[in-house]
1. For Asp16, state whether it is assigned to a helix (DSSP H, G or I), open to solvent by 40 Å² or more (accessible area, probe 1.4 Å) and at pLDDT below 80.
2. Name the pairs: first residue in the stretch 57-74 and in contact (Cβ under 8 Å) with a residue 24 or more places away in the chain, second residue open to solvent by 80 Å² or more (accessible area, probe 1.4 Å), Cβ to Cβ under 8 Å, at least 6 apart or on different chains?
3. Only residues that are in a loop (DSSP other than H, G, I, E, B) and exposed (fewer than 14 other Cβ atoms within 10 Å of the Cβ): list them for the stretch 57-82, please.
4. Within the stretch 28-48, track down each residue that is assigned to a loop (DSSP other than H, G, I, E, B), at pLDDT 70 or above and surrounded by 14 or more Cβ atoms within 10 Å (Cβ to Cβ).
5. Those residues that are in a loop (DSSP other than H, G, I, E, B) and in contact (Cβ under 8 Å) with a residue 24 or more places away in the chain, I need them from the stretch 83-104; list them, please.
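The values are calculated or read from the model by the stated rules, or taken from the named source; none is laboratory data. Owing to the predicted nature of the structure, the values given are computational and were not obtained by experimental measurement. Every residue, glycine among them, receives a Cβ derived from its backbone with ideal geometry; neighbour counts consider all protein chains shown. All accessible areas refer to the heavy atoms of the entire protein, side chains included, with ligands and DNA or RNA removed. Shrake-Rupley method; radii C 1.70, N 1.55, O 1.52, S 1.80 Å.
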Amino acid sequence: RAAAGMKRKARFSAADAAVRCLEPPARPGVQLAYEHVLCDADAQHELPGLLFCNGLQSSRSSGKAQLVLQLARDQGLEGAIFDYQGHGASSGTFAALGLSDWIQ
């Protein structure tokens, strides 16, 4: 439920939470998969958003991550979930990554 005194967004775009990939500038060739719930451009945006960071060896397709994204939709908030490198739909293989890959 939106906090008292804050405007609530109620409409989302047609491309709501489509899976996308991001290539971090400092990591050429690395693709990170994410889903982002956005509101329509004309909606008011005065509420905070939700960013869910998965646990180790989990992905954005997990029940918890999807629940957070649905909560964002239901409460009129922006929301984002993602797969770490080597997890889910992001590039890389978890077993092949070392500490230096995580630090970068």
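1. Values: assigned to a helix (DSSP H, G or I): no; open to solvent by 40 Å² or more (accessible area, probe 1.4 Å): yes; at pLDDT below 80: yes.
So Asp16 fails the test.
2. Ser58/Lys64
3. Gln57 - this is the single residue of the stretch 57-82 that is in a loop (DSSP other than H, G, I, E, B) and exposed (fewer than 14 other Cβ atoms within 10 Å of the Cβ).
4. Taking the stretch 28-48 first, the residues assigned to a loop (DSSP other than H, G, I, E, B) are 28-31, 38, 40-48.
Remaining after also requiring at pLDDT 70 or above: 28-31, 38, 47-48.
Result: Val30, Gln31, Leu38, Leu47.
5. To start, the set of residues in the stretch 83-104 that are in a loop (DSSP other than H, G, I, E, B) comprises 83-93, 97-98, 104.
Scanning the stretch 83-104 gives Asp83, Tyr84, Gln85, His87, Gly88, Ala89, Ser90, Ser91, Gly92, Gln104.
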